[in-house]
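This report concerns only the one structure given below.
The values are calculated or read from the model by the stated rules, or taken from the named source; none is laboratory data. On a predicted model such as this, the values are computed, not experimentally measured, just so you know. Using ideal geometry, Cβ is built from the backbone for each residue, glycine included, and neighbour counts are taken over all protein chains shown.
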Amino acid sequence: MVEIGQVAIVAAFMVTAYAGFVGFAGGALNGRDLATSARWGFYSVVPLLLIATASLIYAFVNNDFSVKYVAENSNLAMPRIYAWVAFYSGNAGSLLYIALAFSIMGAISTKVLSTRLPYTSPYAVGVMSIVLLFFLGVILFLANPLEQLSVIPEDGQGINPLLIHFGMFIHPPFQMLGLISVAIPFSVALGALLAGRGGRDEWVDQGRLWGMVSWLILTVGLLLGAWWAYTILGWGGYWAWDPVENSALMPWLAMTAFVHSIMVQKRRGMFRMWNMVLIITSFTLAQLGMFINRGGPVPSVHSFAESTMGWIFLAIMGLTLFLSVVIFILRYETLKSRGSLESFLSREAAFLGQNMLFLLIAFVTLWGTVFPIFSEAVDDTTMTIGQPFFNKVNGPLMLLLIFMMGVGPLLPWRRATWPMILRMLRVPLGFGILIGVLTWIFGVREPWAIFSFSICGIAVAGILQEWARGTMSRHSRGEPFYQAFPRLLAANRPRYGGYVVHLAIVMLGVGIVTSSFYDVQRDVVMKPGDTEKLGKYTFTFIDVTERTFADRLEETARFEVWSGGRSLGYMYPYRAFYPEFRMAATGGAINSTLLEDFYLVPSEFREDGQAVFRVLVNPMVWWIWASCPVLVLGTLLSLSPNSRASRRRLSLSNLSKESSGTPISRPGAGTGS
Amino acid sequence: MACSGLIEVTDEETRIKKLNKSIMCPVCPGESIDQSQNELAGYMRDIVREKIDQGNSDEEIRGYFVDRYGPVVLMEPPSSGLGVLAWAVPPVGLVVAVIAVWLTLYLMRRRNLGDKGSREDMNDESLVPELSPEELKRYSALFERNVMARESKTKTGDEDQ
Amino acid sequence: MVVLITILLCLFPASMVLYPLVKRFSSTAPAPEDESSLRAELERRWESAIDGLRGTELERSIGNLNDGDYEWLKEVHMREAALVLKTLELSESEEDSLMERINGELAKTRLGSEGPEAQSDGF
């Protein structure tokens, strides 16, 4: 079975190389059959990689320790279902996962591209094939998950205990898929450039589609990661500006900029060069992300997929960047703008400013992430750049971003006048100030917190203002309220989908701001029977239960908890020690409400029966997770396609047939088309 | 809001928390001693408390740890020496970004004003740029009829923004 | 057994890539519309003009635009749509006259054996 998987990988490698070469050839020679052959070759990679994956999972499920990767990442004690997690938990396996996921996504996008952009798609397939070829090459020659050992061990080393959590079923796959998915809009854009078809915005619709899909996956991956860190890592936080986290954030920032500025190109034919630059930057940052994830040049809490081969990723990133820049320079003449800027005060200009802000944040994040290496190289002293730095620097920048998010959609296209802007900003600004005052009245004294809430207020008010006015105007034309709003949404899906996403971001922002400024934490030493208080919560430590499993020793504490006078029942924070890994994993017990989370985590169980617990009250954390489904909904709404009925081939005769008047007379009219 | 659950936190607690968040646990990469549950972190937290009781200032406490572990133990770079560079780059970046945006917009605007004749279709030889007023009227009429027809036929959910 | 599967695993992608080359779909299926063609460009511009008009109407009904700006924006979009229509008309009439000429030539060469039916073959 293992051999079958290995053959499958080799076959996949060869056919991918074929698809790359023939794709470009088909495009250049205008050979439709060549292009089809390349496409079908790319499609055929999917079942091949599925077979390879199946053989690996089969080896896991059957405890086949002759396979080196299985021996390193699982053991007899591991529950079978974790074979899925073990599959991508190590370096070689995660590469296979990425190759598989990318081939599936690439196949789908190739199919769509072949109908929508028939003459660009051969080049796009070529680019996608090269990207895939890189991964398959690394798998084949450097890190083969199906490599076999000559001496078969009795038992494997086992899976990293931190990975035994529900979140690990979804966060890493999503995150890795998100990073590689950036290659799809990149392939479309670069393919268009190569095909010489970048200059008439042919690729923009598909670029927007795949860009938004990629962005969505990246966003969900990030939120899932934060959620996993919060619930399993047990330090009561969800984001630490850790290098691996940052490496996922940077491409997200660039892609967010891209999905906005691509709208400008779609609408006005502007920013053609800028969008190319943006998508190349996004993909480069995604590759950098993969490098940091694997290479471990900067120490991180996260580096479970550590290896020394990160440098090859860096090399490929450099090569991709170099080639992209060369192609861009060769073709940039075709990218002159169609439309032009009519005013500094316009949505186009605001988008440019917003884009720069996103890139600035990405740059600052990058700077902070690599500075330790830089200081080491220059001064021989390693300096740490930790949370305080990033919070102080990126915090205000992100606040500025939320402000722009609130104000931007109110700016009209092309040009705006000050009276118009002031009229539209009246209500949101007023509401923001009101929020600021209210928070002051309620006792909030942190200036940054007040400021942040005000800005979130502006953003919310701007959105709700338009929704209200739109609904009212439809109502005044005869629609009942309950119909007016849904129809308003349905008739303007991209616009309102965007608003829903912005609302989700405000939810996220409010959750982050409140929990950052107003979290409370205490370490307490308790013995069974003790009762402590934190805020309105009272908790009694009842007992500890010890359980021994094949691979770990688990100590679970039982608490009874009250909020005010009301009983919240029992909570069971635990700590598990894995002797083989010399690692301890903690599981916090969380009681979550809309307003705050009560969080209990054990730090230490002592010999004398006493135990040290960390207790936290984190306000508004629920809103962070709740923003995710809202965001997904908004993105899907924004992406939902036009109904087919309204798509009719554009022609004069069609138009004149539809109209009630006489058709336009044309010289030498035939039977019509 | 969350203020109903706002807990009374003493100034000293706040100070301790801030200090703890600014010192890194040397054996746990990237975690502050406030965050880490490692033994050493707990030990260091005790030292911080002790020194505060003894009346040391924040600077002195941080300096104590730097002497023992090197500057790497500080979560954020100091404002002297190479650390200045770390802090300086972001604001400089902001200034550069603002200038870049302004400059780009200025150049785009100037190019627009310069080519008064061929505003929309600068790169397009394919579309005919001239449109006489009668043509505009004729096409607008056709367009209105077409668009009106479509709009009245479909209620909602059919069309898109 | 393994050898057999190996052979199959190699034959599968090979046949996938060879099939289109053998079958030569391009000789039977019509060429897809070029996304860079004038018509495709016109379609895009048309959609953009329609979207723009709809957006303008929406902004007007919300109250984001005053009368002057609304009229101006409407004209901008109308102009774009009109340009599309004019170009379309010109290109269609070009196409029509071209078609007529070709059909005329065809009719001449077929010496009237098929006659007028030769006209409406697709192009």
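Structure notes:
- Positions within segment A:250-269 being over 18 Å from residue A:212 (Cβ atoms) and surrounded by 24 or more Cβ atoms within 10 Å (Cβ to Cβ), in sequence order: A:250, A:269
- All of A:219, A:231 fail the test of being buried (at least 24 other Cβ atoms within 10 Å of the Cβ), away from chain C (no Cβ under 14 Å) and in contact (Cβ under 8 Å) with a residue 12 or more places away in the chain, apart from A:219.
- Filtering C:9, C:83, C:21 for residues that are surrounded by fewer than 18 Cβ atoms within 10 Å (Cβ to Cβ), at the interface with another protein chain (Cβ under 7 Å from one of its Cβ atoms) and in a helix (DSSP H, G or I) leaves a single hit, C:21.
- For the residues B:45, B:15, the requirement of being charged (D, E, K, R), within 21 Å of residue A:601 (Cβ to Cβ) and modelled with pLDDT of 80 or more singles out B:45.
- When segment A:569-583 is filtered for residues that are of a type outside the set (Ser, Thr, Tyr), crowded, with 18+ Cβ neighbours inside 10 Å and in contact (Cβ under 8 Å) with a residue 60 or more places away in the chain, only A:576 remains.
- Elements of type helices (runs of 4 or more DSSP H) in segment B:1-113, at least 2 residues being surrounded by 17 or more Cβ atoms within 10 Å (Cβ to Cβ) and touching an Asp or Glu at 6+ places or on another chain (Cβ under 9 Å): B:11-22, B:39-53
- Taking (1) of a type outside the set (Val, Ile, Thr); (2) over 24 Å from residue A:171 (Cβ atoms); (3) buried (at least 22 other Cβ atoms within 10 Å of the Cβ); (4) under 31 Å from the mean Cα position of the chain (by Cα) in turn, residue A:595 satisfies each apart from (3).
- Meets criteria (over 26 Å from the mean Cα position of the chain (by Cα) and either away from chain A (no Cβ under 11 Å) or under 27 Å from residue A:235 (Cα atoms) (or both)) for residue B:60: yes
- Picking from residues in segment A:12-35 that are surrounded by fewer than 24 Cβ atoms within 10 Å (Cβ to Cβ) and within 32 Å of the chain's Cα centre (by Cα), the one that is farthest from the other protein chains (Cβ to nearest Cβ) is A:24.
- Considering the conditions (1) in a helix (DSSP H, G or I); (2) under 22 Å from residue A:264 (Cβ atoms); (3) free of Cβ contacts under 8 Å to residues at least 60 places away in the same chain, residue A:344 is excluded by exactly one of them, (1).
- The number of residues in segment A:601-616 being within 32 Å of the chain's Cα centre (by Cα) and more than 13 Å from chain B (Cβ to nearest Cβ) comes to 0.
- Residue A:600 aliphatic (A, V, I, L, M), touching a residue at least 40 places away in the same chain (Cβ under 8 Å), assigned to a strand (DSSP E or B) and crowded, with 18+ Cβ neighbours inside 10 Å: yes
- Elements of the type helices (runs of 4 or more DSSP H) sitting completely within segment A:175-282 and holding at least 2 residues that are under 11 Å from the mean Cα position of the chain (by Cα): these cover A:204-228, A:243-268.
- Residue A:82 being within 28 Å of the chain's Cα centre (by Cα), aromatic (Phe, Trp, Tyr), on the phi < 0 side of the Ramachandran plot and away from chain C (no Cβ under 12 Å): yes
- Selection within segment A:357-374 - crowded, with 20+ Cβ neighbours inside 10 Å and touching a helix residue (DSSP H, G or I) at 6+ places or on another chain (Cβ under 6 Å): A:357, A:358, A:360, A:361, A:362, A:364, A:365, A:368, A:369, A:371
- Qualifying residue in segment A:284-306 (condition: more than 28 Å from residue A:162 (Cβ to Cβ) and at pLDDT 85 or above): yes
- Enumeration of residues in segment A:504-544 that are surrounded by fewer than 15 Cβ atoms within 10 Å (Cβ to Cβ), in a strand (DSSP E or B) and basic (Lys, Arg): A:533
- Here segment A:165-190 is the region considered, the condition is being among the aromatic types (Phe, Trp, Tyr) and more than 10 Å from residue A:221 (Cβ to Cβ), and the residue that is surrounded by the fewest Cβ atoms within 10 Å (Cβ to Cβ) is A:166.
- Enumeration of residues in segment C:23-50 that are closer than 14 Å to residue A:268 by Cα and either more than 19 Å from the chain's Cα centre (by Cα) or of a type in the set (Val, Ile, Thr) (or both): C:50
- Applying the criterion of at least 3 residues that are of a type in the set (Val, Ile, Thr) and within 14 Å of chain B (Cβ to nearest Cβ) to the helices (runs of 4 or more DSSP H) found wholly in segment A:374-493 leaves A:418-441.
- Any hit, segment A:174-190, residues being of a type in the set (Phe, Trp, Tyr) and without any contact (Cβ under 8 Å) to a residue 40 or more places away in the chain: no
- From C:71, C:59, C:89, C:47, residue being among the acidic types (Asp, Glu), surrounded by 18 or more Cβ atoms within 10 Å (Cβ to Cβ), within 13 Å of chain B (Cβ to nearest Cβ) and within 27 Å of residue A:411 (Cα to Cα): C:59
- Test set (1) outside any helix (DSSP H, G or I); (2) within 11 Å of another protein chain (Cβ to nearest Cβ) - residue A:77 fails condition number: (2)
- Hey, residue A:244 surrounded by 24 or more Cβ atoms within 10 Å (Cβ to Cβ), of a type in the set (A, V, I, L, M, F, W, C) and within 14 Å of chain C (Cβ to nearest Cβ) or not: no
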